[in-house]
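Asks: Here it is, the structure in full.
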Amino acid sequence: MSHIKEPIQKRAIEKRLRLIKSAKKVFNDKGYHNTHIKDITGEAGISTGLFYKYFKDKDDIYIEVVRLLIEKEMEVVLDFKNRMAEDIDKKQAIRNYIESRLEFITYKRVMEEFNVLMNENEQIKGFFEDVKKDYLNIIKEILRRIWVGADDSTLHVGAMLVWRTIYINIVEIAGMADEDLKKEYIDNLTDIICKYIVRGDIFPAV
C-alpha cells in the first residue's frame with residue numbers, strides 16, 4: 001500500500017503545488033527522460049526527501065502535471081457543452097476553448113512527450129486512455145446536438161476533427177509575437193470552427 005497521502009495542511013499543500021509548478025517547467029525545458037527528481041526539487045527549493053512525501057516517483061508527478069493541464073482544458077470543454085445545451089453564445093464558447101489550448105502549447109514539449117510516453121509506460125498509457133475517452137465523449141455529445149441523426153462513427157470523426165483543427169492552428173498562434181495578429185488569427189479560427197463544424201458544413205445532418 002502506498003504511503004503517499006493527499007496533503008491537507010496549508011503549508012503542505014503549498015509545497016506540493018510548488019513541486020508541480022517546478023516539475024512543469026523542468027519537464028518542458030529538459031524533457032521527461034533528461035529530468036531527474038533532484039532537478040525538480042532544486043527548482044522548487046524543496047528537499048529530495050520531502051518530494052517522496054507527496055509523490056511516489058517521477059512518473060507520478062509527471063502524470064499530475066499533465067492531469068492538471070488536461071483538467072483545465074476539460075473545464076472549458078464542459079463550458080462549451082453547457083453553452084451548446086443552453087443555446088447561448090456558441091461562438092464565445094469556441095473562442096474560450098481555442099484560448100485554453102494556448103496553455104497546452106505553452107507546455108508543448110510536455111504534451112508532445114506525453115504522446116510518445118503513453119506507448120512506453122503502462123501507467124501513463126492507462127491515464128491517457130481514461131482522459132481520451134472522457135474528452136471525446138464530451139465533444140461527441142456537443143456534436144450530437146448539432147448533427148442530428150449522425151451515427152457514432154461520424155461523431156467520433158467529428159470530435160477528432162475539432163481537436164486536430166484547433167491544435168494545428170494553435171501551434172501557429174502560440175509562435176506569434178504580435179498580439180494584434182494573434183487576436184486576428186484567433187478570430188479567424190473561431191469563425192472557421194463555427195462555419196464548418198458547428199453549422200455542420202463538413203458533416204451535415206443525415
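The values are calculated or read from the model by the stated rules, or taken from the named source; none is laboratory data. Computed from a prediction, not measured in an experiment: that's the story for all the values here. Cβ: placed from backbone, ideal geometry, glycine included. Neighbour counts: every protein chain shown.
Asks: Restricting region 36-66 to residues that are under 13 Å from VAL26 (Cβ atoms) and aliphatic (A, V, I, L, M), which is surrounded by the most Cβ atoms within 10 Å (Cβ to Cβ)?
Replies: Per the criteria, the residue is ILE40.
Asks: Among ILE63, ILE37, which is farther than 24 Å from LYS183 by Cβ, touching a Phe, Trp or Tyr at 6+ places or on another chain (Cβ under 8 Å) and free of Cβ contacts under 8 Å to residues at least 60 places away in the same chain?
Replies: ILE37
Asks: If we keep just the residues of region 80-90 that are in a helix (DSSP H, G or I) and at pLDDT below 75, which is nearest to the chain's Cα centre (by Cα)?
Replies: Here the answer is PHE80.
Asks: Taking the options GLU71, GLU86, name whichever one is in the same structural domain as PHE127 (by TED's automatic domain parsing) and more than 18 Å from GLU112 (Cα to Cα).
Replies: GLU86
Asks: Scanning for something modelled with pLDDT of 75 or more and part of a loop (DSSP other than H, G, I, E, B), does region 56-79 turn up at least one residue?
Replies: yes
Asks: Something else now. Can you name the condition, by its number, that ASP134 falls short on among (1) free of Cβ contacts under 8 Å to residues at least 60 places away in the same chain; (2) more than 29 Å from LYS30 (Cα to Cα)?
Replies: Result: ASP134 passes all but (1).
Asks: Looking at region 1-13, which of the residues that are in a helix (DSSP H, G or I) and surrounded by 11 or more Cβ atoms within 10 Å (Cβ to Cβ) is modelled with the lowest pLDDT?
Replies: ALA12
Asks: Please work out if ALA93 is outside any helix (DSSP H, G or I) and surrounded by 13 or more Cβ atoms within 10 Å (Cβ to Cβ).
Replies: In short, no.
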